[in-house]
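Undergrad: Next up is a structure, given as structure tokens.
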Amino acid sequence: MAIRNIRIDGDDILRKKCRPVEEMTPKIQELIDDMLETMYEADGVGLAAPQVGILKRLVVIDIGEGPLVLINPEIIEKSGEQTGMEGCLSLPGKAAEITRPNHVVCKALNEDMEEITVEGEELLARAICHELDHLEGILYKDLAKNGLLDVEAPDEEE
């Protein structure tokens, strides 16, 4: 496993649509492992393949309940509404208030290429929506009604 470079806002790859994953290969499994390691190293709760320079429909998420791997994910249901602060590993030091569905149902494939359904509320719903936006070339700042805010990095000694 390896830590991959996270692409930063301004990199053209973040604005491109991703292609479906056709089959599980050793290269795709390595990408999944690297994405998880990269996400954890960066203290993120989600990471999409284009954020590490790969135009594949693949995201990893962990909101503290264990890793979730979603291949070719698609939201099939949305309901409710939540508004809250959101950040992104590709926009370091920034945050914005974003409104998203409070509940989503997502259909995807797991690492065994078996179809799964994931139901998420609150933070998980937000993370799923945020990461799936990346697969369409959408950044959360595109949805920010009040623009981006600067946020200070946590003190390293804390």
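Yes/no matrix, rows are residues, columns are (1) in contact with a His (Cβ under 7 Å, 6 or more places away or on another chain); (2) farther than 17 Å from Met39 by Cβ; (3) among the aliphatic types (A, V, I, L, M):
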position	(1), (2), (3)
Pro101	no, yes, no
Val105	no, yes, yes
Met113	no, yes, yes
Leu123	no, no, yes
His130	no, no, no
Leu135	no, no, yes
Ile138	no, yes, yes
Leu149	no, yes, yes
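Undergrad: Let me ask something else. State yes or no: is Ala108 within 15 Å of the chain's Cα centre (by Cα), part of a helix (DSSP H, G or I), small (Gly, Ala, Ser) and modelled with pLDDT of 95 or more? First the steps, then the outcome.
TA: On the way: within 15 Å of the chain's Cα centre (by Cα): yes; part of a helix (DSSP H, G or I): no; small (Gly, Ala, Ser): yes; modelled with pLDDT of 95 or more: yes.
Taking the combined requirement at face value, the residue does not satisfy it.
Undergrad: Only one of (1) touching a residue at least 60 places away in the same chain (Cβ under 8 Å); (2) more than 21 Å from Met35 (Cβ to Cβ); (3) of a type outside the set (Ser, Thr, Tyr) fails for Ala95. Which number is that?
TA: Of the numbered conditions (1) touching a residue at least 60 places away in the same chain (Cβ under 8 Å); (2) more than 21 Å from Met35 (Cβ to Cβ); (3) of a type outside the set (Ser, Thr, Tyr), the odd one out for Ala95 is (1).
Undergrad: Tally up the residues in the range 39-76 that are in a helix (DSSP H, G or I) and under 12 Å from the mean Cα position of the chain (by Cα), please. Before the answer, list the steps.
TA: Taking the range 39-76 first, the residues in a helix (DSSP H, G or I) are 39-41, 49-52.
This time we only want the ones that are under 12 Å from the mean Cα position of the chain (by Cα), so: 39, 49-52.
Of the residues in the range 39-76, 5 are in a helix (DSSP H, G or I) and under 12 Å from the mean Cα position of the chain (by Cα).
Undergrad: When only residues in the range 137-148 that are at pLDDT 90 or above and either in a strand (DSSP E or B) or not aromatic (Phe, Trp, Tyr) (or both) count, which is nearest to Ile8 (Cα to Cα)?
TA: This residue is Leu139.
Undergrad: Tell me whether the range 121-135 contains one or more residues that are surrounded by fewer than 19 Cβ atoms within 10 Å (Cβ to Cβ), assigned to a strand (DSSP E or B) and modelled with pLDDT of 95 or more.
TA: Within the range 121-135, one or more residues are surrounded by fewer than 19 Cβ atoms within 10 Å (Cβ to Cβ), assigned to a strand (DSSP E or B) and modelled with pLDDT of 95 or more.
Undergrad: Here's something else I'd like to know. For Thr117, are the conditions met, namely being touching a Ser or Thr at 6+ places or on another chain (Cβ under 8 Å) and among the β-branched types (Val, Ile, Thr)?
TA: no
Undergrad: Suppose we filter the range 44-67 for residues that are touching a strand residue (DSSP E or B) at 6+ places or on another chain (Cβ under 7 Å), under 17 Å from Val118 (Cβ atoms), surrounded by fewer than 23 Cβ atoms within 10 Å (Cβ to Cβ) and of a type in the set (A, V, I, L, M, F, W, C); how many remain?
TA: Qualifying residue count for the region: 1.
Undergrad: Quick check on the range 88-109: of everything there that is touching a helix residue (DSSP H, G or I) at 6+ places or on another chain (Cβ under 8 Å) and more than 22 Å from Lys17 (Cβ to Cβ), which residue is surrounded by the most Cβ atoms within 10 Å (Cβ to Cβ)?
TA: Going through the qualifying residues, I end up with Ala96.
The values are calculated or read from the model by the stated rules, or taken from the named source; none is laboratory data. Source: prediction; values computed, not measured. Cβ: placed from backbone, ideal geometry, glycine included. Neighbour counts: every protein chain shown.
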